[in-house]
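Have a look at the structure below, then the notes.
The values are calculated or read from the model by the stated rules, or taken from the named source; none is laboratory data. What you see is a predicted model; the values in this text were computed from it and never measured. So basically every Cβ, Gly included, is an ideal-geometry build from the backbone, and we count neighbours across all protein chains shown. Just the protein is used for accessible areas: all its heavy atoms, side chains included, with ligands, DNA and RNA removed. Shrake-Rupley method; radii C 1.70, N 1.55, O 1.52, S 1.80 Å.
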Amino acid sequence: MTQCIRITIDRDIFPESIDHANYSAHRETAQWIWAPKPHLDEPSVVFFRCVFTVADAQSLIFHVSADNRFELFLDGQRIGRGPSRGDRFHWCFETYEASLEAGDHVLAARAWYLPDQGSPMAQFLVRPGFVVLAEGPLHESLTTGHGPWRCLPTSAYTDNGAVPGECYFTGWSFILDGNQYPWNWKEGQGDWLEPVVTERATGLERSPYSGEEAASRWGLHHLIADTLPPMMEVERRVGCVRFASTTVDVNMPVVEAQHDPTLAAGLQAMLDGQAPFVVPAHTAYRAIIDLDEYYCAFPELHVSGGQGGVLDLAWAESLFEDAAPHSWVKGDRSAIWNKWFRGHNPDRFVLEGGNRMYDTLWWRDGRYLQLVVCASDEPLTIDALLLRETRYPLERESTFVADDARLALIEPIMLRALQMCSHETFMDCPYYEQLMYVGDTRLEVLTTYVTTFDTRLPKRAIQLFDWSRAVDGLTKSRYPSQVLQVIPPFSLWWVAMVHDYFMWRDADVSTSLPAINTILGAFEGYLNDAGLVDDPKGWNFCDWVPAWAGGVPPNGHGGVSCLLNLQFLYSLDRGAEMLAYNGKTHQAAHWSAVADALRPAILSAFWDEERGMLADDLGKTLYSEHCQVLAILCDLIEGKQKERLINGLLHAPDLARCTIYFSHYLFEACAKIDSMDALWDRLGTWFELHELGFKTTREMPEPSRSDCHAWGAYPLYHYYATMAGIRPAAPGFSAVNVEPHFGPLAHIQGTLPHPSGEFITFDLNANADASDQRISLPRGVTGSLLWQGKHIDL
């Protein structure tokens, strides 16, 4: 029996150097191939197939990639999907190891290239192509450009569009015409063609050529090994039919009076795998299925008969209380009556009449499915509706128990949000954008550190943003992304993200130090004669404060913003620390000097002695929690001034308040000043999630566009870092500080993953003596417990 698994490698499979004088010396490597006459501006789905023979049982290692994507099969069984997202100069290939019996075998793929908005915005594209490089004796038989590969293009897929302004970030929905689909392609049936070579497969070498010359000789994609594990893919039979009706107008609300319980029972039996569901000829039904959980999944519809019938399958996070576009009022997420189903256009399946399985090229997501089925001249049978759940294989390895049931109630909501926003990259949200933003990702990464030992996805995030930097030194605000965007303060959060890794996981951040220098240098270039950051060029988003246009703080565009200056100071301190620790003493000294000069400049410009707070603007007319919070985190002021600032933060009625995103920094400040009342008060935004029917954390307070936004999962981080008070005291978590902030809690216990591979365990009681606290550290790790004002060595 053939067995095949995904493996990861840490070596370059391509020649280490290019012999520019002897191109033929490198023709033994793989070639990218595609169907004849590939067009860069046209979508295409192409099947590939190669039959090869092995004389004796043997092991095979081979590497695969495609632009945009591939789905891979060995001897008829799906073995993988890919490649993981990168950019042109870091295009991932995946590696497989197969155990083959003697005889004939077939390696095959379904690959697709979707230009521009056809593919998700987070998917880079260069030119259509598919490539396989086999190692060992089967190199000539299986490597594209050498082996007997054949291709079969299909016109079965056409664009069903996206909803402009709401979901276009995630790419097209599709119409799949079963009458055009080559159902027996895995068996080799169809008019197979000789593929054309589109470029040479290369690694990270830089070509001296450009355009078609570069493509034919040295390649437009520079391939690197994928360091991530395969995405999880698990079959789920889930869902409750909440509404079923013969009224199929999807532009009307879901009305309870139109619900047919008998029809719903028949559909439910199909979902549960108990009986197929038959739709008579010339009959149409509409159903709303509640998955009772948020899923990212490849849907599979197993259908027989019904030639000419049509099935539409659409997804939604929640139903809406009105039909107006861009209105985000949803109310109770578990309620459906008299609400509208809005969102992505459906995937449409036109039935061919056989016993078939219809699926999508890319995964879909949400909590609710809308199935509309219209039978034509023949009855059709829905045999099954399955979901193949997919995401990064992030599972909870830590534990946390406290004596407030509300914490346990929202814990799975936060964890599910983090999981649904973790794929080949972290994501702001799976439903609307699927883009990895620096600001969101920093909070997701911190939450990941307290959830699991696995650091591969955080390391990949740091790396991708580093690759995104342009000549101005700044990272892109989101990456990968076909549409490039710059949010200057997000580059500063990237420096903080690297520092989080430096402290929580590994002190060696040497590969990130050049980027840290260039980012800090870019902001140094924005210093004006007063020594303040003045109008960084880009979208200076900081938080979705309702009074801030576009999330930009006062004077954030075209002026001098206190918040942007404080954020620069925040990153200067962290950058200097990492540079000094890694031996870059001169660079560290420079940035420390810049920070030393910036502190008094900020105080001189923004401190309002009368109010005892920092103003947002030079005119001292506007004030926010944000500036007071970062002043505390940067240790900007001490003594009586600090006391007044803290009092203003906690009690001033006219401050612009941190929304869900920036409240993480408020929580950090609460920990530093031991003000747990403010933290617990703000946690009320999370405690209401369960009552409102949420399965994941939302983007912002009501009304919220996104119901699944993992930047709201960070209270899980504060369970450990603030309530239990466990934080790194030295780089690489080589030492530990434990400073519990119980607030209303009396008892906290749990386990926290440590980079040593062991857990920190804790059992803390607010009303007990220090000697009664139980803390266990990994071997070789030192620590200190701060208890009632005293430091106790652990």
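Data table
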read-out: Unmet criterion (only one of (1) under 27 Å from residue 479 (Cα atoms); (2) among the basic types (Lys, Arg); (3) modelled with pLDDT of 95 or more) for residue 49; value: (1)
read-out: Flag for residue 624 being among the polar types (S, T, N, Q) and more than 22 Å from residue 711 (Cα to Cα); value: no
read-out: Restricting region 596-632 to residues that are out of contact with any Leu (no Cβ under 8 Å at 6 or more places or on another chain) and within 16 Å of residue 554 (Cα to Cα), the residue that is least open to solvent (accessible area, probe 1.4 Å); value: 617
read-out: Strands (runs of 3 or more DSSP E) contained in region 701-794 and holding at least 3 residues over 30 Å from residue 545 (Cα atoms); value: 735-738, 747-753, 759-765, 774-776, 782-787, 790-793
read-out: Boolean, residue 358 is among the aromatic types (Phe, Trp, Tyr), open to solvent by 10 Å² or more (accessible area, probe 1.4 Å), modelled with pLDDT of 95 or more and assigned to a strand (DSSP E or B); value: no
read-out: All positions within region 40-67 that are among the β-branched types (Val, Ile, Thr), closer than 27 Å to residue 181 by Cβ and either touching a helix residue (DSSP H, G or I) at 6+ places or on another chain (Cβ under 8 Å) or surrounded by fewer than 19 Cβ atoms within 10 Å (Cβ to Cβ) (or both); value: 51
read-out: Residue in region 468-478 that is out of contact with any helix residue (DSSP H, G or I) (no Cβ under 6 Å at 6 or more places or on another chain), open to solvent by less than 40 Å² (accessible area, probe 1.4 Å) and in a loop (DSSP other than H, G, I, E, B) present; value: yes
read-out: Strands (runs of 3 or more DSSP E) contained entirely in region 68-136, each with at least 2 residues that are more than 26 Å from residue 37 (Cα to Cα) and open to solvent by less than 10 Å² (accessible area, probe 1.4 Å); value: 91-100
read-out: Residue identified as surrounded by 20 or more Cβ atoms within 10 Å (Cβ to Cβ), in contact with a Cys (Cβ under 9 Å, 6 or more places away or on another chain) and among the aliphatic types (A, V, I, L, M) among 254, 241, 279, 248; value: 279
read-out: Qualifying residue in region 523-540 (condition: over 22 Å from residue 602 (Cβ atoms), open to solvent by 30 Å² or more (accessible area, probe 1.4 Å), in a loop (DSSP other than H, G, I, E, B) and not aromatic (Phe, Trp, Tyr)); value: no
read-out: The listed residue being on the phi < 0 side of the Ramachandran plot, in contact with a strand residue (DSSP E or B) (Cβ under 9 Å, 6 or more places away or on another chain) and at pLDDT 95 or above, out of 182, 137; value: 182
read-out: Residue 415 more than 23 Å from residue 263 (Cα to Cα), assigned to a loop (DSSP other than H, G, I, E, B) and touching a helix residue (DSSP H, G or I) at 6+ places or on another chain (Cβ under 8 Å); value: no
read-out: Any hit, region 579-591, residues being surrounded by fewer than 17 Cβ atoms within 10 Å (Cβ to Cβ) and in a loop (DSSP other than H, G, I, E, B); value: yes
